[in-house]
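Working notes, beginning with the structure itself.
The values are calculated or read from the model by the stated rules, or taken from the named source; none is laboratory data. Here the structure is a predicted model, which is why all the values come from computation and not from measurement. Heads up, the Cβs are rebuilt from the backbone with ideal geometry, glycines too, and the neighbour counts pull from every protein chain shown.
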Amino acid sequence: METQEGLTLVVGLGLIGGSIARALTAAGWSVHGVDPDAATRAAALAALAVRHAHASLADAMAMPSLVVLATPPGVTLDLLSYPWPGGSIVTDCAGVKVAVVEAVPEQLRSRFVGGHPMAGNEGRGFGASDPELFRGRPWVLTPTSEASPSATALVERMVRALGAEPVPMSADAHDRRVALLSHLPNLLAAILVGMEPDLERPDIAGGSWRDATRVAGGNPELWADIFTLNADEIEGRIDQMVNRLEAVRRALEQRNRAALLATFTSGNAQ
């Protein structure tokens with residue numbers, strides 16, 4: 001078990017932050033939380049996810065050894081400029097990395113290690129948190145070029161304490177890959193759910209509808225941030241998708257069974 005001396009401060013106790021707090025506490029770490037929502041703080045305390053829950057950073061007086069920013073990307077960007085104590089190592093959980101790493105101020109760059117847990121569920125808020133959420137899942141790490149070995153090592157210990165596997169990667173490689181692996185699927189799920197009013201009999205929807213739309217219940221504010229900050233990569237993936245859909249439309253117009261078969265065959269090859 002990876003242990004940690006000192007205090008870990010989790011900022012944001014929603015699905016991801018709540019899951020981190022619960023898992024680290026279960027692993028024996030000393031965890032405090034920050035969340036502006038009183039009901040969320042009460043729920044985290046009742047679940048014994050944190051020792052103390054603060055309404056703001058100003059209330060969290062103790063100096064943490066590790067700060068975990070589990071907030072929407074837009075909020076994360078704002079928090080990077082917070083005057084974190086010189087002894088604190090800071091990491092984040094944002095689903096976009098280039099914008100975050102580029103925004104890290106000079107005084108924090110040796111102590112910042114970007115991160116993105118490749119895990120989640122269709123829920124939101126602390127009530128959807130799960131201490132087993134990250135077990136066996138990859139956790140991408142994108143430290144700044146100036147990050148100290150000790151900073152990277154501490155964040156890696158945290159990731160392993162959560163049951164996840166650290167995966168080092170450049171920020172641009174991360175954003176390029178997750179545009180297809182995460183961002184586009186969430187977009188398509190949202191579009192499908194947006195078409196639901198056109199369904200005459202939603203009660204007969206089967207497993208394929210549920211599987212394709214499961215992630216559509218995520219936090220809209222979070223996804224608006226991600227799409228804004230990773231716009232170039234997502235635009236490219238949308239162009240690819242549009243080209244493929246147009247090819248299918250042409251095959252349908254031509255009743256070209258061979259082209260349709262090739263489309264579904266390539267999907268089965270994954």
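From the list Val90, Val50, the lone residue that is under 19 Å from Thr25 (Cβ atoms), of a type in the set (A, V, I, L, M, F, W, C) and modelled with pLDDT of 95 or more is Val50. Look at the stretch 70-98: where a residue is assigned by TED's automatic domain parsing to the domain that holds Ser148 and a partner is of a type in the set (S, T, N, Q) and assigned to a loop (DSSP other than H, G, I, E, B), sitting 6+ places away or on another chain with Cβ atoms under 6 Å, you get Val96/Asn230.
Looking at the stretch 117-159, which of its residues are at pLDDT 95 or above, crowded, with 16+ Cβ neighbours inside 10 Å and of a type in the set (Gly, Ala, Ser)? Passing the criteria: Ser129, Ala147, Ser148, Ala151. As a summary of the residue check, Gly6 satisfies the conditions (1) at positive phi; (2) free of Cβ contacts under 8 Å to residues at least 40 places away in the same chain except for the one numbered (2).
Per the listing Ala231, Ala262, Ala258, the residue uniquely out of contact with any helix residue (DSSP H, G or I) (no Cβ under 8 Å at 6 or more places or on another chain) and either of a type in the set (Phe, Trp, Tyr) or under 27 Å from Ala173 (Cβ atoms) (or both) is Ala231.
Looking at the stretch 99-122, which of the residues that are assigned to a loop (DSSP other than H, G, I, E, B) and touching a residue at least 40 places away in the same chain (Cβ under 8 Å) is nearest to Val215 (Cα to Cα)? If we take residues in the stretch 99-122 being assigned to a loop (DSSP other than H, G, I, E, B) and touching a residue at least 40 places away in the same chain (Cβ under 8 Å), then Glu122 is nearest to Val215 (Cα to Cα). Here Gly28, Gly33 are screened, and the one residue that is surrounded by 21 or more Cβ atoms within 10 Å (Cβ to Cβ), over 23 Å from Ala103 (Cα atoms) and in contact (Cβ under 8 Å) with a residue 12 or more places away in the chain is Gly33.
Applying the condition of being modelled with pLDDT of 95 or more and of a type in the set (A, V, I, L, M, F, W, C) to the stretch 58-77 and asking which residue is farthest from Asp225 (Cα to Cα) yields Leu66.
A count restricted to the stretch 218-262 and to residues that are among the aliphatic types (A, V, I, L, M) and without any contact (Cβ under 8 Å) to a residue 12 or more places away in the chain stands at 8. Considering the stretch 36-52, the residues that are within 21 Å of Trp84 (Cα to Cα) and touching a Ser or Thr at 6+ places or on another chain (Cβ under 8 Å) include one that is surrounded by the fewest Cβ atoms within 10 Å (Cβ to Cβ), namely Pro36.
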